[in-house]
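Right, one structure below, let's go through it.
The values are calculated or read from the model by the stated rules, or taken from the named source; none is laboratory data. Here the structure is a predicted model, which is why all the values come from computation and not from measurement. No Cβ is skipped: glycine too gets one built from the backbone with ideal geometry, and neighbour counts run over all protein chains shown. Calculation scope for accessible area: heavy atoms of the full protein, side chains included, ligands and nucleic acids excluded. Shrake-Rupley method; radii C 1.70, N 1.55, O 1.52, S 1.80 Å.
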Amino acid sequence: MTTTSTSSQIDHLLDETRRFAPTAAFAQNAVGSADLYTQAANDREGFWADQARELVHWHTPFEQVLDWSNPPFAKWFADGELNVAYNCLDRHVEAGNGDRVALLWEGEPGDERRVTYAELTDEVKRVANVLTGLGVGRGDRVAIYLPMIPEAVAAMLAVARLGAVHSVVFGGFSADSLRARIDDAGAKVVITADGGYRKGKVSPLKPAVDQALADRNGQGVQQTVQHVLVVRRGENDVDWTDGRDIWWHDAVPAASADHTAEAFPAENPLFILYTSGTTGKPKGILHTSGGYLTQAAYTNRVVHDLHPESDVYWCTADIGWITGHTYVTYGPLANGATQVLFEGTPDSPHPGRWWEIIEKYKVSIFYTAPTAIRSFMKTGRAVPQSFDLSSIRVLGSVGEPINPEAWMWYREIIGADAAPIVDTWWQTETGAIMISALPGVTEAKPGSAQVPLPGISVDVVDDAGTHVGNGNGGLLVITEPWPSMLRGIWGDPDRFVETYWEKFQDQGYYFAGDGARLDDDGDVWLLGRVDDVMNVSGHRLSTAEIESSLVAHEATAEAAVVGASDDTTGQAVVAFVILKQSYLDAHSPEGLAQALRSWVGEQIGPIARPRDVYIVGELPKTRSGKIMRRLLRDVAEGREVGDTTTLADTAVMSVISAQVK
Ligand code: PRX
C-alpha cells in the first residue's frame, strides 16, 4: 500500500452544503457583531483589555494586559485586583437588580425554588463566613461534591469570595475518584450533601465522602480534610463524625450575612478541575480569576447572545464539568442572567422532562451536548413536539462534534427551523469557548464549529507545525495565549509543558489534541481527538466522520467507530451500531450490517468502508456521556476488555462482547 498523505493529514471526505444565515431581525438585536472581528484583529490585547474593563468590576484597575515573558505560563491583567464572587453577585444587587431571579431551580421530584440575586448574595456571604470559621482562607482548597442544587452554586461562589480554590468533583464519581482528587489538591474542607435525586431515587453522596476520608485499601486515613459541610437534600440517614461534620442548615442560617468581598490579584487561583488525560492519573487543570472571568462573561454574552434583562438561559451541564463552571456559575452570573438549574436527568420521570422545563420556564437560550440530542432523536420527535418550545431563540452544542443529522434535527425539532445553532468548541483547559459561530453574524454550516471567536487565534497544522491550507486536515492548535487559558496542571508543571506545549515548542503553539480540517472557506471542522483518528492504508480517517455517516443512515440510532489493528491495512475501521427497533424487526442484522458498510463506502469513499459492523444494543459511555472507544477497540481487536470503572453502566461491555462473539 502506498502512503498517499502525510501522517497528520486527514482526508476530507464529507461534503455538507447546507447554509443558514441569521434573520435580519436576529442580527439587528444580536449582542455580537462583525466589527468585533476587526477590533480584535487590529489590536488583540487591547480588545481583551476592553472586554475585561467592560464586563468585570475591578477593585484595582489593571495596567498590564498580557505578560507572556515566561511562556507557556501566562499572566493576564496581573496588576489588577478583583473579587470574582462580588462580580457575580453584589454588584448586581448594588446596581438595583437584587430582585432579579438568578436561579430558577427545579429538583428532580418536581420541587422548585426561585433564588434572586439578593438572596443568593446573602447566602454566599453567610457561607463565606461559615468557611472562614472553619479556617478556610486565601489559597486553601475546598472540595465540592454536590448535586445540582442552588447550594452547589453558592458553595463555589463562597469559596471564590474568600480567594480560596474550589475543586468540584462530579457527584457521579466514586469514593476512590473523590479521594484521589481530595488528596491531589490537599483539600481542607469538603462540601457535600446527604444525597441528590436521580431517576426517582436518592443517590447518596455523604457515604462516599466518609469512605474517601476513611482508611480504605491501606491508603491510610485522609489527613488534610478538617471539616465536612453537609447539605440536607435527600433526607436519607447519614453517619456522623462529631467535630468534623457540620450541617449546612445549622451553620449557614446562623452565620452573619455581612461579609465584605476582599480584592485579590487577577492571577489568584480560582479553581482546579480534574480531567482525564492519556495516562490513568487525572490532571488537575488550574484556572485563575481575572482572565477566566473576562472570557467566561464575554463568550456567554456574544456566543449565546445573552440579553440578561429578558432571556431565560439554560445550560444543562452539571457543575462537575467545565461547562457547568463557565456556563452555569461564572459566565451567566457575572452577566446577571436568569437561568434554569435542574437537578435531574433528561428522561425522568418521563422522556419529555427537559422540554417540559423549557415550556414551563420559557427558556430562550438552550445549551446542551450532541449525545443528548442524539438520544432524543432515538426516542423520536413526537416527544418534544408535544411541548411548547416557542420561547427558544438560540441553541448551543458543546462537548463533541455534532454530526449534520443531529444538527438538522436540533434546528428543526427544537429550534422550530429558525433558532441559530452555535456549535462551540473548547476544552476544560481552554476554560471558555474558543471556536464558534456568532449567532447574529455567521452563516451557519451544520456540523462545523466554524470560526475562532474574535480575540482567539487558532490554526490547523501538520506534524511539523505548518499550516495545512484550506481543504486539508491536520491538528488543531491555538497560536496565541487567551485570557481563560489554563495556567497549569496542579502540582505538575512538567506535565503541563509536555502535554500541551512540547509538540509545537518551536512555534509556541498550544496543542489541543484534536484533529480538524479547514474547508474551502477556511472554516474549522472538528474531527475528534487525535487519539481517535485512524490510519487505514496510509489514509487518515476520523472516527467522527464515519460515525456521522453511519448516523445519517435511516436505520441507525447511534454509532461508534474505532480503528482496530489490521495486518494488511495498518488499521481497519470497525463500527458498533445501535439500530432503530423498526429496522431490526423488518430486516436481518447481517443484511443491515452489509447495507451500512456499503452506505459508508458510498457516502465517504471506499477507503472508509468499515471492515466490520457490529449491531449492538448499547454503547459504553462515561457518566458525562462520552463513548469509551478504548474499550470498543479491545473488543474489535479480540483482547480482554480493559478497565471499565469509569463507565456509567459497567455491565455494558460484557453484553457487547457477547453480542460480538
Ligand atoms: O475533543 C474535543 C471535544 O471535547 C474535548 C474537550 O473535552 P472536555 O475538556 O471534557 O470539555 C468538554 C466541554 C467543553 C475537546 O478536546 N469537544 C468539545 N467541544 C467540541 C468538541 N469536539 C467537537 N466539537 C465541539 N463543539
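Return the pair list, or none, for Cβ contacts closer than 7 Å from residues in the stretch 650-661 that are farther than 14 Å from Ile627 by Cα to residues that are open to solvent by 70 Å² or more (accessible area, probe 1.4 Å), at least 6 apart or on different chains.
Sorted first by the residue in the stretch 650-661, then by its partner, the pairs are Val655/Glu618.
Where residues in the stretch 614-654 are aliphatic (A, V, I, L, M) and modelled with pLDDT under 85, which of them is surrounded by the most Cβ atoms within 10 Å (Cβ to Cβ)?
Here the residue is Leu647.
Of the residues Gly488, Gly528, which is among the small types (Gly, Ala, Ser), surrounded by 20 or more Cβ atoms within 10 Å (Cβ to Cβ) and at pLDDT below 90?
Among Gly488, Gly528, only Gly528 is among the small types (Gly, Ala, Ser), surrounded by 20 or more Cβ atoms within 10 Å (Cβ to Cβ) and at pLDDT below 90.
Take Phe376 and tell me if it is farther than 17 Å from Trp426 by Cβ, in the same structural domain as Glu412 (by TED's automatic domain parsing) and part of a strand (DSSP E or B).
No.
Could we say that Leu541 is outside the structural domain of Gly601 (by TED's automatic domain parsing), modelled with pLDDT under 85 and assigned to a strand (DSSP E or B) here?
No: the conditions fail for Leu541.
Please specify each residue of the stretch 574-610 satisfying the condition of being more than 19 Å from Met377 (Cβ to Cβ) and either in contact with a strand residue (DSSP E or B) (Cβ under 6 Å, 6 or more places away or on another chain) or not assigned by TED's automatic domain parsing to the domain that holds Leu631 (or both).
Selection gives Val574, Pro589, Ala593, Arg597, Ile607, Ala608, Pro610.
Tally time: how many residues in the stretch 402-419 are within 13 Å of the ligand (Cβ to nearest atom) and among the aliphatic types (A, V, I, L, M)?
2
For the stretch 621-646, which positions are touching a strand residue (DSSP E or B) at 6+ places or on another chain (Cβ under 7 Å) and more than 16 Å from the ligand (Cβ to nearest atom)?
Correct list: Leu632, Arg633, Ala636, Glu637.
Given the options Leu104, Leu134, Leu66, name the one that is under 26 Å from Ala251 (Cα atoms), among the hydrophobic types (A, V, I, L, M, F, W, C) and open to solvent by 20 Å² or more (accessible area, probe 1.4 Å).
Leu134
Residue by residue, here is whether (1) closer than 24 Å to Ala40 by Cα; (2) out of contact with any Cys (no Cβ under 7 Å at 6 or more places or on another chain); (3) within 16 Å of the ligand (Cβ to nearest atom); (4) hydrophobic (A, V, I, L, M, F, W, C) holds:
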| site | (1), (2), (3), (4) |
| --- | --- |
| Ile421 | yes, yes, yes, yes |
| Thr428 | yes, yes, yes, no |
| Ala449 | yes, yes, yes, yes |
| Asn472 | no, yes, no, no |
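Can you list residue pairs whose Cβ atoms sit under 7 Å apart, with the first residue in the stretch 261-276 being assigned by TED's automatic domain parsing to the domain that holds Ile144 and charged (D, E, K, R) and the second being at pLDDT 95 or above and surrounded by fewer than 24 Cβ atoms within 10 Å (Cβ to Cβ)? Count only pairs 6 or more apart in sequence or on different chains.
Note: pairs meeting the criteria are Glu262/Gly163; Glu267/Lys75; Glu267/Ala78.
Restricting attention to the stretch 1-34, which residues are of a type in the set (A, V, I, L, M), modelled with pLDDT of 80 or more and surrounded by 12 or more Cβ atoms within 10 Å (Cβ to Cβ)?
Within the stretch 1-34, Ala21, Ala27, Ala30, Val31, Ala34 qualify.
Looking at the stretch 570-627, which of its residues are of a type in the set (Asp, Glu) and within 26 Å of Thr644 (Cβ to Cβ)?
Matches in the stretch 570-627: Asp612, Glu618.
What are the pairs, 6+ residues apart or on separate chains, where a residue within the stretch 197-219 that is without any contact (Cβ under 8 Å) to a residue 24 or more places away in the chain and assigned by TED's automatic domain parsing to the domain that holds Asp176 has its Cβ under 9 Å from a residue that is surrounded by fewer than 15 Cβ atoms within 10 Å (Cβ to Cβ) and aliphatic (A, V, I, L, M)?
Within 9 Å, the pairs are Ala214/Val221; Asp215/Val221.
Table: residues versus (1) surrounded by fewer than 23 Cβ atoms within 10 Å (Cβ to Cβ); (2) in a loop (DSSP other than H, G, I, E, B); (3) in the same structural domain as Ile402 (by TED's automatic domain parsing).
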| position | (1), (2), (3) |
| --- | --- |
| Pro439 | no, yes, yes |
| Ile456 | no, yes, yes |
| Gly471 | yes, yes, yes |
| Gly474 | no, no, yes |
| Ser484 | no, yes, yes |
| Gln505 | yes, yes, no |
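For the stretch 153-180, give me each residue that is more than 18 Å from Leu647 (Cα to Cα), in contact with a strand residue (DSSP E or B) (Cβ under 7 Å, 6 or more places away or on another chain) and not in a strand (DSSP E or B).
Of everything in the stretch 153-180, those that are more than 18 Å from Leu647 (Cα to Cα), in contact with a strand residue (DSSP E or B) (Cβ under 7 Å, 6 or more places away or on another chain) and not in a strand (DSSP E or B) turn out to be Val153, Ala155, Met156, Val159, Ala160, Gly163, Ala164.
Looking only at the stretch 300-343, which residues are away from the ligand (no atom under 16 Å from the Cβ) and part of a strand (DSSP E or B)?
Residues satisfying the conditions are Val312, Tyr313, Trp314, Thr338, Gln339, Val340, Leu341, Phe342.
Evaluate the stretch 388-395: report whether one residue or more is under 21 Å from the mean Cα position of the chain (by Cα), open to solvent by less than 20 Å² (accessible area, probe 1.4 Å) and within 16 Å of the ligand (Cβ to nearest atom).
yes
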